[in-house]
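Visitor: There's a structure below that I have some questions on.
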Amino acid sequence: MKKSLHCGFALLLLLLVFDAVMTLRTAAHLRAGQRRIAEVAGIRIELRELLAAYVDADTGTRGFLLTGEERYLEPYRASRAAIARANLRIKSLVTTETRLAALRERIEALGLQRMAALEAAIAARREHSLDDTAEMFRRGPGKELMDNIRQLAAQLDAELETTLTGLLTSAEERLAFTKAVTLFTHLVIAGALIGLFFLTRRHFGEREKLAAVERASRDRVEVLLASERSAHREAAQANKLKDEFLDVVSHELRTPLNAIVGWTSLLREGPENPQELREGLETIDRNAHAQARLIDDLLDVSRIISGKVRLRISEVDVRTLAASVVEGLQPTADARGVKTGLRAGDEAMEVLGDPDRLQQVVWNLVSNAIKFTPRGGTVTLSVTRTGSAVALEVSDTGQGIRPEFLPRIFDRFAQQDASTSRAQSGLGLGLSITRHLVELHGGTITAHSPGEGQGATFHVEIPMIAVRELTEQLANRPTGRAPLPATTNGATVHARLDGLRVLAVDDQPDTLAVVDRVLTRAGAEVRTALSVSEALSVLRDWEPGCIISDIGMPGEDGFTFIRAVRALAPPVRTVPAVALTAFARDSDRDLAAEAGFSDHLAKPVDTAALLQKIATLTRRW
């Protein structure tokens, strides 16, 4: 019996060692797979940044070629460094993959040719006129090189996607194999335990200990499986958030571009009167500034993530700063029908801080309050002294904040309403930037709201003396307008739409005004609507020959509108309809077709392309 006990315990020990080895090998395999997945994801991110840098270089070069001003080369110079960094990082990550390394080398070689072509165009522009340089640039291989770069980048991305899929498949197979082996091992262990129980029940009381060993082994495997499932869920959520953010960025950047491009095309042909010239230039200026603010927010977030935000410390009179912000935003508040108020005490309200960044904090809070307060509402800014700190409080009677969203109000890209029918635009970055700037000044910021529809209050406290010590100075922050997009020279032949009735629907008045003028000049009879309900009201007593509609609109979006149109009685239900939208992905085009649109055009759209599309759909071209 003693010999049987020794053999039984030896077998049990071997099984436990085998189980432990399998568990450790599985964990090591999963860690290696996670590292490789992270490397592949890093390559894909660097690849997108590389393509973006080439586009920025091309944009900067075109700006310089059109104007001859050296300041337009800033994006080009910045892109050269970004391209070099991206190529270096991609190279360091693909050294072990021969196929990937070959594609990377081809992309780098084509990129060198493209940058050389841009450098040659810049040199030619410095020596020759715009027309000569433009002719050389058009005949050059630039577009073909960029197309080849994009094609190779797509191939590399596809290879990376295949690699990523293989890694995930390998991890799943490894887990399945480990689970099967563990199950088998546990069955054998269970048999050994039963045998040992009958052999040792007279001499030993170790039943509970052996069961505990089995449970511990099973728990280790379950922990590994739970960790893998959690990592997979987090990766899927991160990918979803990335796609949603890219959608929002694309929409918010394309919307002002559409008005800019449309008015540029109209003014290039010559304004009909001075009033039209002023209106066009004001619209271009307003939308260019709006786009510059969006880009500034994105750059601020990049600085915050990389820890490069620095402050220029000086004495700041918070009362004066608050008054200037309220005064600067008064025209906006008046236009929206919102009342503003400022309450400030007579005590000294000076703090040590960066005046520009503190103004940015107050501006963000007050402008947000105005944006989310309906006509007839009130926004109040209070400045008081609380002990050794200055307190700023912005309260409004606007739409308020839902309780479940309040804890995430200061998160990056967080928006209470991120649907295509949301009433307010934006990237969801302003409050995140505000919180970071307040904390850099050693302060705190909190948000309070009784609930949706009951207004909100933001409370900021900045110490009057204690501020974070910083040894570096803040780099000059871009404040100028973003360069306007390049356009081609020469007159454009536009299709004629004489006598054609067209209904245009868009919640942006600037965009609607451009479309109205373009179609009217082409001879069309145009009616416009700022919402789905207004458009459907027009259709009750007016039959158009074509419909142009935006997709992202507050309340009811373009999909809702076109479905309602297709449900009407003939002949309105069969009218051709074009989706003119800033949602420009292939999936957005498919969604538009499924909803009932005849065609899809992405903002910003060239006026000639718009007229030609309408003429084609209405059989006039």
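Visitor: For LEU267 and ALA567 in the same chain, what is the full-extension length gain: residue separation times 0.36 nm, less their Cα-Cα distance, in nm?
Guide: Value of the extension gain: 104.1 nm.
Visitor: Say each of ALA235 and GLU214 gets a label point 7 Å from the Cα, pointing the same way as Cα to Cβ; how far apart are those two points in nm?
Guide: Spacing of the two 7 Å Cα→Cβ label points: 3.4 nm.
Visitor: From a point 7 Å beyond the Cα of ARG496 in the direction of its Cβ, which residues of the stretch 511-546 have a backbone N at a distance under 17 Å?
Guide: Within reach of a label on ARG496: 519-525.
Visitor: Further question: Sorted by accessible area with a 1.4 angstrom probe, largest first, how do PHE583, PHE372 fall?
Guide: Result, largest first: PHE372, PHE583.
Visitor: Find the all-direction average of the projected area of the Cα convex hull for the stretch 1-78, expressing the result in square nanometres with one decimal place.
Guide: Quarter of the Cα hull surface area: 5.9 nm².
Visitor: For a protection proxy built on the mean count of beta-carbon atoms within 10 angstrom, sort 355-361, 189-195 highest first, please.
Guide: Per-residue mean Cβ counts within 10 Å order the peptides as 355-361, 189-195.
Visitor: Work out how much length VAL17 to GLU534 would gain on full extension: take 0.36 nm times their residue separation and subtract the Cα-Cα distance, in nm to one decimal.
Guide: Gain in length upon complete extension: 178.6 nm.
Visitor: Going from most exposed to least, what order do VAL188, VAL572 have by accessible area with a 1.4 Å probe?
Guide: Final ranking, largest accessible area leading: VAL188, VAL572.
Visitor: Taking R0 as 35 Å, what FRET efficiency do you get between ALA109 and ALA28 from their Cβ-Cβ distance, rounded to the nearest 0.05?
Guide: Once the sixth-power term is evaluated, E becomes 0.35.
Visitor: Can you give the accessible area of THR178, probe radius 1.4 Å, in Å² rounded to 10?
Guide: Rounded to the nearest 10, the figure is 10 Å².
Visitor: For THR616 and THR386 in one chain, what is 0.36 nm times their gap in residues minus the Cα-Cα distance, to one decimal in nm?
Guide: Contour length minus the Cα-Cα distance gives 76.0 nm.
Visitor: Starting from the Cα of ALA176, step 7 Å along the direction of its Cβ; do the same at SER587; then give the gap between the two resulting points in nm.
Guide: In this crude label model, ALA176 to SER587 measures out at 2.7 nm.
Visitor: At 1.4 Å probe size, with every protein chain present, just tell me what the per residue accessible area of the stretch 502-617 comes to in Å².
Guide: In whole numbers, the stretch 502-617 has 38 Å² accessible per residue.
Visitor: Give the calculated FRET efficiency between TRP542 and GLU276 to the nearest 0.05, with a Förster radius of 30 Å applied to their Cβ-Cβ distance.
Guide: Efficiency, from the Cβ-Cβ distance: 0.70.
Visitor: Any idea how far apart ASP356 and GLU119 come out in nm if each label point goes 7 Å out from Cα toward Cβ?
Guide: 3.2 nm
Visitor: Could you calculate the FRET efficiency of THR444 with ARG527 from 1/(1 + (r/R0)^6), where r is the beta carbon distance between them and R0 is 56 Å, rounded to 0.05?
Guide: With a Förster radius of 56 Å, E is 0.60.
Visitor: Using alpha carbons only, how many angstrom separate the centre of the stretch 160-191 from the centre of the stretch 321-394?
Guide: The two parts, judged by their Cα centres, are 59 Å apart.
The values are calculated or read from the model by the stated rules, or taken from the named source; none is laboratory data. This is a predicted model, so every value here is computed, not measured. For neighbour counting, all protein chains shown are included, and Cβ atoms are generated from backbone atoms with ideal geometry for every residue, glycine included. Accessible surface is based on the protein model in full, side chains and every heavy atom, while ligands, DNA and RNA are left aside. Shrake-Rupley method; radii C 1.70, N 1.55, O 1.52, S 1.80 Å.
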